[in-house]
1. Mind giving me the FRET efficiency for residue 109 and residue 133? R0 is 35 Å, r the Cβ-Cβ distance, nearest 0.05 is fine.
2. Given the C-alpha atoms of segment 112-157, compute the convex hull and give its volume per residue in Å³.
3. Which order do 133, 126 fall in if you start with the one that has the fewest other Cβ atoms within 10 Å?
4. Cα-Cα pairs above 20 Å in segment 34-109: how many percent?
5. How far apart, in nm, are two points set 7 Å out from the Cα along the Cα-to-Cβ line at residue 153 and at residue 116?
């Protein structure tokens, strides 16, 4: 990796996504693609497909033992198709579970705002003792001193 690659700006990366900093109309919730009934139907179909797959594998083994290689290959091909279908249904159910988890996390997300003095993230509606602790903290006090000193310097230089 050369030095030019390392120095490229990464302005396209968003590190934080808080509701108060999102463009209007954007939310974190993902659309739920499956209902509970559809998920249950998928589970039942997956069980049926698994039973069919196991039955076909046994038939293919029997056909192979009897010397019917072409029939065994055909049964295994059908078995592979059923496995693909089963995997698709499992992925749909997994995606549904992840979207439910994401919706739950978005619902529990805390509203935050940025401190105008030091840039720290503060929880909206937080306990007064925590806000006071922040206002008396080293980072906040240090930035406040810098800002007041800068204002004094600016007034002296540009009256």
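1. Numbers: r = 23 Å, r/R0 = 0.65.
Once rounded, the FRET efficiency stands at 0.95.
2. Working: hull volume 3.0 nm³, N = 46.
Spelled out: Cα convex hull of segment 112-157, divided by residues, is 66 Å³.
3. Working: 133 12, 126 15.
Fewest-to-most ranking of 133, 126: 133, 126.
4. Details: 1363 of 2850 pairs.
Percentage above 20 Å: 48.
5. Result for the modelled spin labels: 2.3 nm.
Read the figures in this text as sums done on the coordinates, not as results from a lab. The shown structure was predicted, so the numbers you read here are calculated from the model rather than taken from an experiment. Glycine gets a Cβ as well: all are built from the backbone with ideal geometry, and neighbour counts include every protein chain shown.
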